[in-house]
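Accompanying notes for the structure given below.
What follows is calculated from the coordinates using simple rules that are stated; it is not laboratory data. Worth saying up front: this structure is predicted, and the values here are computed from it rather than measured. As a convention, Cβ positions derive from the backbone with ideal geometry for all residues, glycine included, and neighbour counts pool all protein chains shown.
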Amino acid sequence: MAEGAPTVVIRGGHVVGPPASRRADVVLEAGRVVAVEADVAVPAGATVLDAGGCLVAPGLVDLHTHLRQPGHEEAETIESGARAAALGGFSAVMAMPNTDPPIDCAADAEEVLTLGRDVACEVLVAGAITLGRRGEELAPMRELAAMGIRLFTDDGAGVQSGAVMRRALEYGRGLGVTLAQHCEDASLAAGGVMHDGEWSSRLGLPGMPAAAEEAMLARDLALVRQTGATMHFLHLSTKGSVALLAAARAEGLAVTAEVTPHHLALLDAAVEGYDPVFRVNPPLRSASDAEALSRALAEGIIDAIATDHAPHPPEAKDLPFDQAPPGMLGLETALGVALGALEGVLSPEEVLARMSFAPGAIARVGPADRPAACAQGGPLVPGAAGHLCVVDPAATWTPDASRSASKSRNSPFTGTTLRGRVRHTLYRGVPVVIDAEAQR
Ligand code: DOR
């Protein structure tokens, strides 16, 4: 795509650092950033995109996206998910392996990578930790790592056996890859459909206790200490998890973590009307959990914001609350929801950093791991890849299901007012979103 990339000037925005944030125009040529300077002369024939009043940030990187292909193309395809991602300002997404079949061998990973080659953002692949995500035998991690896969997870479920997880960490350490855990002790969570607390009692729904997450997190931290492996914790949701993680970081363990916009913005009380759109794993938690997560993000205990974009088509999701599958859409609304939830806690620039630089480093696609010309997650300097988003932090908008790029409709934010909108997204130097409209 870069060969055909036009010359583009992003004019009049405020470029998010590092290096230092500054007012500057950004010029892109042949797929790369060639200049970041105030008041550039527009080259003849260039496409000019207005960034007045906007922040110009590296393309966002989502560590946690369910693209559903292969196996559930009625919910999402790699193409539709990538378009939704671009509308949300993302230039890269990490496809989770809980597809059908799961991504637990080179051929399945290759299929997703091939389908992701010519879509609106880069599609990275996470491999399964265990064969069939059954939690028993390890997947061929060496073969997958040889293809460039750097993150492994059985997401959708946690690896229940401590012995299997220990082996995966030891093996992963040797391969130099990161193991990512969905922390959920299945025996503690069994039967639960929402957070175990005051609201589950009131609503008469079975609860999933915070301990189901914290018990597995505590176990895995002990295993990281023992093995010296690198581990990432997916969608952490409780105050207790934050405390465990803070202690692990103070000790110097090689761990990172993410939080979703919905766990920052929504509480278990939202389940009051039994609307299945609010059913998600881990479940929406209490106000003190959400506050602890926001603080942890501000203090750097949690590194990154990730969507856990989980499309489910209406025929699957529109069921009584306790029968509906867990999961909600996230890509198109993530930035607006995060900006709203973190207002007064983090500046818009800091929110953007936690959606670009931080996840790029965890996914190992940032400049420390890739040549600048194809790195994801910034920084926006001459020579960098032409992945960026232009965000109007003051724009208010109402997500509208009929305008969503996703094939599914299960967003709890449809019809709400969000503040902060992606105006343009560029991928490999090509505008894939202009004025909040997908171009491909
Ligand atoms: O709510 C969720 N939905 N949480 C997960 O971990 C998996 C996801 C899905 O795949 O639908």
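Label sites at residue 110 and residue 298, each approximated as a point 7 angstrom past Cα along Cα to Cβ, lie 5.0 nm apart. Helix 162-175 and the longest principal axis of the Cα set of the chain meet at an angle near 30°. Helical content of the chain, expressed as a calculated mean residue ellipticity at 222 nm, amounts to -8000 deg cm²/dmol (DSSP H runs of 4 or more residues, -39,500 (n - 2.57) each, divided by residue number, nearest 500). When all alpha carbon pairs of region 203-352 are counted in 10 Å bins from zero, the resulting P(r) reads 11, 39, 34, 15, 2 %. About the centre of its Cα atoms, region 61-137 shows a dipole size close to 220 debye [charges on the beta carbon of Lys, Arg (+1) and Asp, Glu (-1) only; nearest 20 debye]. Toward the positive end of the charge dipole of the chain, with +1 on the Cβ of Lys and Arg and -1 on the Cβ of Asp and Glu, the farthest Cα among 382, 180, 194 is that of 382.
The rule of thumb for compact globular proteins, 2.2 N^0.38 Å, goes into the C-alpha radius of gyration of the chain 0.92 times. Put in order of Cβ neighbour count within 10 Å, fewest first, the listed residues 141, 208 become 141, 208. Would you mind checking the tilt of helix 210-227 against the longest principal axis of the Cα atoms of the chain, expressed as 0 to 90 degrees and rounded to 10? Tilt of helix 210-227: around 80 degrees. Region 396-440 and region 75-154 have Cα centres lying 23 Å from one another.
Between the helical axis of 239-251 and the longest alpha-carbon principal axis of the chain there is an angle of about 70 degrees. Using r as the Cβ-Cβ distance of residue 38 and residue 146, and R0 as 56 Å, what FRET efficiency do you calculate, to the nearest 0.05? FRET efficiency, residue 38 to residue 146: 0.80. When the charge dipole of the chain is built from unit charges on Cβ atoms (+1 for Lys and Arg, -1 for Asp and Glu) and taken about the Cα centre, the candidate among 156, 119, 357 whose Cα reaches farthest toward its positive end is 357. DSSP finds beta bridges in the chain, and of those with both partners inside it, around 50 percent are antiparallel.
Residue exposure proxy: 427, 171, ordered by other Cβ atoms within 10 angstrom of their Cβ from fewest to most, comes out as 171, 427. Simple spin-label estimate for residue 397 and residue 439 gives 1.6 nm between the two label positions (7 Å along the Cα-to-Cβ direction from each Cα). When the P(r) of region 118-219 is calculated, the portion above 17 Å amounts to 57% of the C-alpha pairs. Among residues other than residue 106 with Cβ under 12 Å from its Cβ, the summed charge is -4 (Lys and Arg +1, Asp and Glu -1). I'd like the FRET efficiency for residue 270 and residue 345, computed as 1/(1 + (r/R0)^6) with the beta carbon distance as r and R0 of 22 Å, rounded to 0.05. Calculated value: 0.65. Hull volume per residue, based on the alpha-carbon atoms of region 64-161 and their convex hull, is 85 Å³. With N as its number of residues, region 1-148 has a Cα radius of gyration that, divided by 2.2 N^0.38 Å, comes to 1.29.
The residue 251 and residue 21 beta-carbon pair, evaluated with R₀ = 51 Å, returns a calculated FRET efficiency of approximately 0.95.
Listing 150, 83 from fewest to most neighbouring C-beta atoms within 10 Å gives 150, 83. If you wrap the tightest convex hull around every Cα atom of region 297-440 and split its volume per residue, you get 138 Å³. Considering only Cα atoms, the convex hull volume of region 297-337 works out to 98 Å³ per residue.
For region 183-204 versus region 1-64, the inter-centroid distance based on Cα atoms is 46 Å.
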